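Working notes for the structure below.
Values in this text are rule-based calculations from the coordinates and carry no lab data. Just so you know, these numbers come straight off a predicted model, no measurement behind them. Please note: Cβ atoms are built from the backbone with ideal geometry, for glycine as well, and neighbour counts cover all protein chains shown.
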């Protein structure tokens, strides 16, 4: 058990033992009796105090009665015993406190070593996190560049759509002009046919057979017109998806129906007048053929424009989906970046708490 220092009681007990052994208590002899511990500057005041007490005790023994002296000695011995017990108890508590302090010191040292190890781990994680953050920043920059390229491509596609719409409007204007020209041509043809009808009334009998043939050809032409009406209906349905072209195609269908009705009236007039059916049919066939060629050309061009517009719309949808995917990935990367920043700030706080 570790000693807490030389006490007065130790010096008094050693001096009493020396007196009992027939030796004179001096600083050196007391120090030797104490096992060679204690400095002379500490032992000398205690020994001086003990001698003074011994002189007082000797005087008290001379002056006090024997019963009182015996009681005083008993009280002194009792107090000495209690003092020794208290001193031993205090020494025991002091020793236990020292042992507990040593255990606590070892625990603190272990905690310190653990904190240092955790600090090293945190520093390594911080380095790896910073590297990951740098990689995320590079990817974020690359995604921004890709996003800018996609936006530029989208702007180009939008401009192409605008150009296609302009071209379609131009073609529609051309088609309207062609229809007006055809209407004027029909009016001129009707006037010419009326004049020729008056001139060819005498030739009705000769051309009855030709009229029958012409009627058959007219029936075929009507079937062709019916097919054209069906094709125009299909074209109207296709143009319905192209927004502004729906009204134009409906006007075109009405115009064609009006032309068909006018043609039917002209055929009826030809039947009544027994006109020169061959000449009229040839002229009419030529007109219809030219119109069919023009109409077929416009239909092909409209179909090509519609296909191009459909492909452009599909490309826009694909680009929109890619943009949405890039946006979602960018959101996820921003969340990961925010989480990484929070993780970087929290371990720093934990290290500060451990250091304290």
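At 7 Å along the Cα-to-beta-carbon direction for both residue 287 and residue 195, put a label point, then send me their distance in nm to one decimal.
For the pair residue 287/residue 195, the computed spacing is 1.5 nm.
For residue 230 and residue 177 in one chain, what is 0.36 nm times their gap in residues minus the Cα-Cα distance, to one decimal in nm?
16.8 nm
Listing 326, 50 from the residue with the fewest other Cβ atoms within 10 Å to the one with the most, what is the order?
So the residues, fewest neighbours to most, are 326, 50.
Per-residue counts of other Cβ atoms within 10 Å, averaged by peptide: what ranking do you get for 109-117, 31-39, highest first? Intermediate values should be presented prior to the final figure.
Numbers: 109-117: 11.3, 31-39: 14.2.
Going by the mean number of other Cβ atoms within 10 Å, highest first, we get 31-39, 109-117.
If packing is taken as the average number of other Cβ atoms within 10 Å across a peptide's residues, how do 6-18, 302-314 rank, most packed first?
6-18, 302-314
Need the full-extension length gain, residue 145 to residue 330, defined as separation in residues times 0.36 nm minus the C-alpha distance. One decimal, nm.
This chain segment gains 65.4 nm when fully extended.
Tell me, what is the percent relative contact order of region 136-346, built from C-alpha pairs under 8 Å that lie six or more residues apart?
Relative contact order comes out at 40 percent.
Could I have the simple spin-label model distance between residue 269 and residue 96, label points 7 Å from Cα toward Cβ, reported in nm to one decimal?
Here the modelled spin labels are 13.5 nm apart.
How long is the gain from residue 85 to residue 296 if the chain were fully straight, where each residue apart is worth 0.36 nm and the alpha carbon distance is subtracted?
Between residue 85 and residue 296, full extension yields 63.2 nm more.
If you take the beta carbon distance between residue 322 and residue 123 as r and set R0 to 35 Å, what does 1/(1 + (r/R0)^6) give as a FRET efficiency, to the nearest 0.05?
0.30
Using 1/(1 + (r/R0)^6) with R0 = 35 angstrom and r between the beta carbons of residue 251 and residue 166, what's the FRET efficiency to the nearest 0.05?
Using R0 = 35 Å, I get an efficiency of 0.95.
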